[in-house]
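Enquirer: Okay, here's the structure, questions in a sec.
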Number of protein chains: 2
Amino acid sequence: MVDPRPFDVFATDCPSRSVLDHVTSRWGALTLAALRPGPRRFNDVARAIGGISDRMLSQTLKTLEGDGLVVRDEQPGGQRVEYALTPEGERIADATRHLIDALYEVMPTLLAPRSAGA
Amino acid sequence: MVDPRPFDVFATDCPSRSVLDHVTSRWGALTLAALRPGPRRFNDVARAIGGISDRMLSQTLKTLEGDGLVVRDEQPGGQRVEYALTPEGERIADATRHLIDALYEVMPTLLAPRSAGA
DNA sequence: CAGGATCCAAGATGATACTG
DNA sequence: CAGTATCATCTTGGATCCTG
């Protein structure tokens, strides 16, 4: 039986490293987080994420789709396309959501003028 | 009483957004993960993270230090400097660790040749 | 609506050399 | 050891225009 965990994000050549890079890319985490509530259309995602351009969203979605974290559902007719998380995408999106929540929790402290002791 | 959670990473101008950007920067997550086991010296961190250059590590550490997630401890004498996580940094590092673990869990599926149904 | 193609500026990153 | 300074480069990201 092989090692069930041969992955190592610290290694440049590990496949998990590239997926991590995509997930932690500038728009990756936010895109996954935006899709977590459920399938969404392109422009809805674009509007949900402040500052993202069509180009970057398109590119990010493609990368995540290539990784198997997102699926593109094109309704017949063409005028309507929805993006959704795959089961694996959901696991990752949940984790990024936790990260964001942790961030919210520590933000007040980070913003505090450094030390209450001084 | 003010809203205890006025933060929104989806908003371009929210402070939490920039911290998220730093944490999910190319080397941010890996750097935090590398420091999670405990304080480490510069070159040890550098060696732990495959592919990072001195320059990038230095820059990443400074950014995270500026956010209040990392502290720099310089031992008198100068030849020895250690980097450690602040309590807030630990919370974030834990979250990124969970993200990495989630990644490890789904990797086998992501690598599988697409579908067992075809 | 849902993007693709192009052009271009800005920032990220790396290699190397140098310092205290 | 623990970085910093410089330079060249490669990628990222945005704005704009175009198509089905």
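Enquirer: Each label point is 7 Å from the Cα along the Cα-to-Cβ direction; what then is the distance between the points at A:Asp21 and A:Asp44, in nm?
Expert: 3.2 nm
Enquirer: Does anyone have the angle between helix A:87-111 and the longest principal axis of chain A? Alpha-carbon axes, 0 to 90°, nearest 10?
Expert: 30 degrees
Enquirer: Then there's this: Against the longest alpha carbon principal axis of chain A, how many degrees, from 0 to 90 and to the nearest 10, is the axis of helix A:54-67 turned?
Expert: Compared with the principal axis, the helix lies near 80 degrees.
Enquirer: Over chain B, with a Gaussian network built from C-alpha contacts below 10 Å, which listed residue (B:Val19, B:Val70, B:Val81) shows the highest mean-square fluctuation?
Expert: The residue that fluctuates most here is B:Val81.
Enquirer: With a cap of 13 neighbouring Cβ atoms within 10 Å, and only residues DSSP puts in a loop, list the trypsin sites (Lys or Arg not before Pro) found in the range A:47-82.
Expert: Passing sites in the range A:47-82 are A:Arg80.
Enquirer: In nm, one decimal, shortest first: how far is the label point of A:Asp44 (7 Å from Cα along Cα to beta carbon) from the matching points in the other copies?
Expert: When each copy's label point is compared with this one, the spacings are 4.9 nm.
Enquirer: Could you list B:Asp54, A:Asp94 so that the one with the fewest beta carbons within 10 Å of its beta carbon is first and the one with the most is last?
Expert: With the sparsest Cβ surroundings first, the list reads B:Asp54, A:Asp94.
Enquirer: Moving on to the next point. How far, in whole Å, is the closest Cβ of chain B from the axis that maps B onto A, and which residue does it belong to?
Expert: Minimum Cβ distance to the axis, with residue: B:Thr24, 2.
Enquirer: Now for a different question. For n ≥ 4 DSSP H runs only, could you compute -39500 (n - 2.57) per run for the protein assembly as shown, divide by its residues and tell me the 222 nm figure to the nearest 500?
Expert: Calculated mean residue ellipticity at 222 nm is -17000 deg cm²/dmol.
Enquirer: Further, regarding this structure: Quick check: Cα centre of the range B:10-61 to Cα centre of the range A:44-71, how many Å?
Expert: For the range B:10-61 versus the range A:44-71, the Cα centre distance is 24 Å.
Enquirer: Using Cβ counts within 10 Å as a stand-in for footprinting exposure, how do B:Met107, A:Met56 rank, fewest first?
Expert: Ascending number of Cβ neighbours within 10 Å: A:Met56, B:Met107.
Enquirer: Ordered shortest first, which distances in nm separate the 7 Å Cα→C-beta label point of B:Glu65 from those of the other copies?
Expert: Here B:Glu65 shows inter-copy label distances of 4.4 nm.
Readers should treat all values here as calculations from the given coordinates under stated rules, not as data from a laboratory. All of these numbers come straight from a predicted model, not from anything done at the bench. A quick note on method: Cβ atoms are made from the backbone with ideal geometry, for glycine too, and the neighbour counts reach across all protein chains shown.
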